Amino acid sequence: MASVQTTSEGIPVIVLKEGSKQSRGREAQRNNIAAAKLVAEIIATSLGPRGMDKMLVDSLGDITITNDGATILKEIDVQHPAAKMMVEVAKATDSEVGDGTTSAVVFAGALLEKAESLIENEIHPVIIADGYKKASMKAMSFLAEIAQKVDPKNRTILEKIATTSMSTKLVSIEASDLAKLVVDAALEIVTQKDGGYSVDLNNIKVEKKTGGTILDSKMINGIVLDKEIVHSGMPKKIENAKIALISAPLEIEKTEFEAKINISSPNQIKSFMEEEDSILKGMVDKIKSTNANVILCQKGIDDFAQHYLAKSGIVAVRRIKESDMAKLAKATGGRIVGSVNDLTEKDLGQAQNVEERTIENDNWVFIEGCKNPKAVTLLLRSGSQRVIDEADRSIHDALMVVKDVIERPLIVYGGGAPEIYVATKLRVWAQSLSGREQLAVEKFAESLESIPLALARNAGMNPIDAITQLRAKHNAGEKWTGIAVTDGGVVTDMQKFEIIEPVKVKEQVIKSATETANMILRIDNVVASSKASSQSPPPGQMPGMEM
């Protein structure tokens, strides 16, 4: 129905076009909160080491099996506008810190659920939002109190952090082995910056290939190209490689304008062909003069050029992605040149070994043994495509948390311990507040407990028993008491289990969940417009008026 308002003279005016839907006030809030809670419920069962996976089938029938919160929410095509905002929470957390996406959505859902009961008790949503905002700021300061500083290059700590991140995934059995690869790769590309360290994950290339098991995965001090050597006459292996990186084609370039050549005798064709041939030979001679024995080309390589390169014993690979060329330059120490004529010996990169190997049914080129690589490759193997895709997502999360700790070396112990600690402190702090914000802060503390509650539920524990035990131990000052899910679900000191998480992840979860919950709470009117009606108004009537 169109929304009709009347003017002071009593003339009806259509404010919203035909077919628009509107929900206001309490009804709008209830709808939004219900949608957001539903999203949180869908992925709450994926939280923690005993979390279950989801099978997602898209419109083309492609299957994704994962328990990564951000991936689940990206794949399910959410329609409700408030539910879409919950998807944004997961995306923001994933891009900023890489892990904690499920926790962020579960926490945001809990904040809205608790706010619902306050709204029903006639507490204004803006007061609740303000209380939540204050509570989140205070929660950050409580987190800072228990955060432990670590050495950003302490391999043992970094491996435990990567293992914790992957122990909730499909690859949990191999987590400790994969963690070693992740830490090796991250430490290889660390750079110093402003008195600290920086890690650019774009310098880690992840290649996936089915076949073998996850334990066959390895890190290569260099780059793996999913390309093959262009000519069968070229060597399949070069040691002490001197590598030329060329972004221009080794071909006779076409003119930019249309040109015709009139040939009146066969000799002219012959001299024309010979000229082309000599140009290509000149290119190869120029490359040879720099002592390069490997050519990595971003564009095409002409058949004649391939022939001359093969005769000279030079290995060539063509049509390499621009992003891979940048990684190759960092890994080998070479410089990408835009023209063969500009190539000098100083521009060449170096590697111990360049070799073509058969991986399953494909030939790939391995550039290995780079002396001081600022770009490396993780080659993932597994028996099936679904498992290898999930391993790739797990590796991404692990790399991100290792990066978080290298760049900001503060950690807390997991298992829901930090959330319970902060919730306990917030309850005490709430007593010092006057007015209705006190109730909002208490609800914020309860919402934080939704994370250990979900862990306990997924571990098969009685959630009420678990939460009362946790509260009792934290009130007694045992700040690292959490839920050891992998040990059958017991309430214990998480330091013993060395379940370590970055403070940066915990902060991001609190920030993004609070902001989203507050945004949804402040909405009191949802107007959904439809496509414009094709009917034109009757003669003599203005558009937008109904008589």
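Shape class of the chain from the alpha-carbon gyration tensor: oblate, with a/c at 1.5 or above and b/c at least as large as a/b. Reported to the nearest whole Å, the Cα centre-to-centre distance from region 361-432 to region 281-340 is 36.
Could you work out the relative contact order of the chain, using alpha carbon pairs under 8 angstrom and six or more residues apart, expressed as a whole percent? Display every interim value, and only then the final one.
Values: 1064 pairs, mean separation 142.0, N = 547.
26 percent.
Building the convex hull from the alpha-carbon atoms of region 29-70 and averaging its projection over directions returns 3.7 nm². Once the convex hull of all Cα atoms in region 49-94 is built, its volume per residue stands at 78 Å³.
Rounding to the nearest 10 and keeping the result within 0 to 90°, find how far the Cα-based axis of helix 81-96 lies from the longest principal axis of the chain. Approximately 50 degrees, to the nearest ten.
Here, region 223-372 is characterised by an Rg to Rh ratio of 1.02, where Rg is the alpha-carbon radius of gyration and Rh the Kirkwood radius.
Taking label positions 7 Å along the Cα-Cβ direction at both ILE173 and ASP130, the computed distance is 5.6 nm, reported to one decimal.
Mind checking the dipole of the chain: about its Cα centre, +1 per Lys or Arg Cβ, -1 per Asp or Glu Cβ, Debye to the nearest 20? Working shown, then result.
Numbers: 67 positive and 75 negative charges, 170 e Å.
That gives the chain a dipole magnitude of about 820 debye.
Counting Lys and Arg as +1 and Asp and Glu as -1 over every other residue whose Cβ lies under 12 Å from the Cβ of ILE464, the net charge comes to 0.
Calculate, for THR191 and ILE279, the FRET efficiency according to 1/(1 + (r/R0)^6) with r their C-beta to C-beta distance and R0 35 Å; round to the nearest 0.05.
On the way: r = 42 Å, r/R0 = 1.19.
Rounded to the nearest 0.05, the efficiency is 0.25.
For the chain, DSSP calls about 75 percent of its internal beta bridges antiparallel. For region 223-372, the relative contact order is 40 percent, taking Cα pairs closer than 8 Å that sit 6 or more residues apart in sequence and dividing their mean separation by the residue count.
Spin-label model, ILE11/THR213: points 7 Å from Cα along the beta carbon direction are separated by 8.1 nm.
Length gained on full extension, ASN525 to ARG427: 32.0 nm, using 0.36 nm per residue less the C-alpha separation. Stokes-Einstein diffusion for region 350-507, with the hydrodynamic radius set to the Kirkwood value over Cα pairs and evaluated at 20 °C in a medium of 1.002 mPa s, equals 111 µm²/s. The antiparallel fraction among DSSP beta bridges confined to region 223-372 stands at about 60%.
Kindly provide log₁₀ I(q)/I(0) values, in the same order as q = 0.15, 0.17, 0.21 Å⁻¹, from the Debye equation applied to equal alpha-carbon scatterers of region 317-404. For region 317-404, the Cα-only Debye profile gives -0.77, -0.94, -1.20. Going from the fewest other Cβ atoms within 10 Å to the most, the residues ILE223, ILE301, ILE483 appear in the order ILE301, ILE223, ILE483. Estimated at 0.36 nm per residue, the fully extended path between SER232 and SER384 surpasses their Cα-Cα distance by 51.6 nm. Maximal additional length on extending the SER247-ASN341 stretch stands at 32.6 nm, based on 0.36 nm per residue less the C-alpha distance.
Within region 279-436, the proportion of Cα pairs with more than 24 Å between them is 56 percent.
We did not get these values from a lab; they are worked out from the coordinates using the rules stated. Predicted model only: the values in this text are computed from it and were never measured. Methodologically, a virtual Cβ is constructed for each residue, glycine included, from the backbone with ideal geometry; neighbour enumeration extends over all protein chains shown.
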